[in-house]
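Peer 1: First the structure, which I've put down as structure tokens, then a few questions once you've had a look.
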Amino acid sequence: MSELQISPIPAFTDNYFWLLERNGKAVVVDPGEAGPVTRALADRRLELAAILVTHHHLDHIGGLATLKAQSPVVVYGPAAEADRIPGLTRTLAEGDRLRLEALGVEFEVWEVPGHTLGHIAYVADGFVLCGDTLFSAGCGRLFEGTPEQMHRSLSRLAALPPATRVYCTHEYTLANLAFAATVEPDSAPLSDEIVRVRGLRARQLPSLPSTIGHERRINPFLRAADPAVAVSVRRQSGRPLDSEVEVFAALRRWKDGFRAPPQTQGR
Ligand SMILES: [Zn+2]
């Protein structure tokens, strides 16, 4: 068996639909539209074996109907959002194991509420498909969940082995780094990372995947327990922020209102 390959299909302004392939078979994650997936499959002569969905947002499910009409594949997704994902055929919940024979990969399903209430992550040996929960240097907006839920979801992901590769579904890294550097202006890993990612983006290369170990160094949303982050967030919010969750909640609110300076804005 050849090795599993994972590559991004760029779509819309800044989405990535991750394509997992092995021996001519492919699985696509969160296809928000069908066109780019169909072209990638044809270009690489791949047969679509299944579709994985992390949550119900349209830019993650908009391609399901067309792709299913082209080939009747199984669509896996969160049980808690089944009524909001037309075309879902197999529902998954916390602790479920999903073995994709076509790829020789097994996932453990984690419920990671926060961005949406039913959001799931697919955790495999060595990598995680985390949808809009964890981004490089950032995290998803809290559209449905509470800060407590998102903090817990991110803490679980942060506890994965450091080498675990992180496949996020948006190229938000540069804009996230601008915010992270505002929170931790003295961080050397962050200034190195800004230079590195600017170089990648200038050549139109993806900044992803990241790794859990890397995110623990640069991502303020995984660092609410770090004194440098807590002090900075307290100063900005003007509140005592007695717990790690309160720091996290204030950090997320700060980011919601943050506009990156033009030269650091991501796509
Ligand atoms: Zn989303």
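Peer 1: Can you name every one of the strands (runs of 3 or more DSSP E) wholly within segment 88-167 that holds 3 or more residues which are away from the ligand (no atom under 16 Å from the Cβ)?
Peer 2: Here the list reads 90-92, 97-100, 105-111.
Peer 1: I've got another one for you. In the list Tyr16, Tyr76, which residue meets the criterion of being in contact with a Cys (Cβ under 8 Å, 6 or more places away or on another chain) and not polar (S, T, N, Q)?
Peer 2: When all the criteria are applied, what remains is Tyr16.
Peer 1: Tell me which residues, restricted to segment 47-81, are touching a residue at least 40 places away in the same chain (Cβ under 8 Å), assigned to a helix (DSSP H, G or I) and either more than 19 Å from Val112 (Cβ to Cβ) or open to solvent by less than 20 Å² (accessible area, probe 1.4 Å) (or both).
Peer 2: If the condition is that a residue be touching a residue at least 40 places away in the same chain (Cβ under 8 Å), assigned to a helix (DSSP H, G or I) and either more than 19 Å from Val112 (Cβ to Cβ) or open to solvent by less than 20 Å² (accessible area, probe 1.4 Å) (or both), then His60 is the only one that fits.
Peer 1: Give me the pairs, please: first residue somewhere in segment 113-134 and farther than 17 Å from Thr146 by Cβ, second residue anywhere and within 13 Å of the ligand (Cβ to nearest atom) and hydroxyl-bearing (Ser, Thr, Tyr), beta-carbon distance under 7 Å, and either six or more positions apart or on two chains.
Peer 2: Listed by first residue and then by second, the contacts come to Ile120/Thr54; Ala121/Thr54; Ala121/Thr133; Leu129/Thr54; Gly131/Thr54; Gly131/Thr169.
Peer 1: Just to be sure before I move on: is Val197 closer than 13 Å to Lys255 by Cβ, crowded, with 19+ Cβ neighbours inside 10 Å, away from the ligand (no atom under 16 Å from the Cβ) and β-branched (Val, Ile, Thr) in the structure I sent?
Peer 2: Here the answer is no, as Val197 does not meet what is asked.
Peer 1: Condition first: open to solvent by 70 Å² or more (accessible area, probe 1.4 Å) and either touching a helix residue (DSSP H, G or I) at 6+ places or on another chain (Cβ under 9 Å) or closer than 25 Å to Phe127 by Cα (or both). Now tell me which residues in segment 226-258 satisfy that.
Peer 2: Result: Arg234, Gln236, Arg239, Pro240, Glu244, Glu246, Arg253.
The values are calculated or read from the model by the stated rules, or taken from the named source; none is laboratory data. In this text, all values refer to a predicted model and were calculated from it rather than measured experimentally. With ideal geometry, Cβ positions are generated from the backbone for all residues, glycine too; neighbour counts draw on all protein chains shown. Only protein heavy atoms, including side chains, enter the accessible area calculation; ligands, DNA and RNA are left aside. Shrake-Rupley method; radii C 1.70, N 1.55, O 1.52, S 1.80 Å.
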